[in-house]
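The values are calculated or read from the model by the stated rules, or taken from the named source; none is laboratory data. For clarity, every value in this text was computed on a predicted model and none was experimentally measured. Every residue, glycine as well, gets a Cβ built from its backbone with ideal geometry; the counts of neighbours run over all protein chains shown. Heavy atoms of the whole protein, side chains included, go into the accessibility calculation; ligands, DNA and RNA do not. Shrake-Rupley method; radii C 1.70, N 1.55, O 1.52, S 1.80 Å.
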Amino acid sequence: MTKTLNNAAKPQRKLHPRFTSVMFSFYMAAIMAFLMCTLITALNRGIDGAFIHWVWKAYQIAMPCAFICVLLVRPLVFKLVHWTVHPP
């Protein structure tokens with residue numbers, strides 16, 4: 001009963017379900033861009049006192065590019081998955 005009351009008191013700050021694919025693309029791009037920037041920066045520059053600075057500089061460019069690419073490529077990826085995976 002307490003759990004129900006606590007949930008009722010909290011305002012829901014969630015997007016409409018129609019934004020599911022956009023948010024999936026955003027989170028996928030954000031995580032992948034960060035991981036790739038971190039790895040590539042470490043391989044190219046090494047890990048030193050300015051490492052986070054260089055990762056952040058790369059991420060500022062990579063994240064918007066990755067997000068746009070994921071949005072554009074998503075329909076093609078769905079078709080490829082459809083062609084290569086048996087339906088449940």
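Worth a mention:
- Accessible area per residue for the chain, computed on protein heavy atoms with a 1.4 Å probe, is 88 Å².
- Positive minus negative residues near PHE19 (Lys, Arg vs Asp, Glu; Cβ under 15 Å): +4
- Annotation: ARG74 carries an accessible surface of approximately 70 Å², with a 1.4 Å probe and no ligand, DNA or RNA atoms counted.
- For the set TYR59, TYR27, the ranking by accessible area, highest first and with no ligand, DNA or RNA atoms included, is TYR27, TYR59 under a 1.4 Å probe.
- Accessible surface of the chain, 1.4 Å probe, proportion on carbon and sulfur as whole %: 72
- In the chain, taking the dipole from charged Cβ atoms about the Cα centre, the farthest positive-side position among PHE34, HIS16, ILE61 is held by HIS16.
- Options (1) 207; (2) 88; (3) 123 - which one matches volume of the Cα convex hull per residue in Å³ as calculated here: (1)
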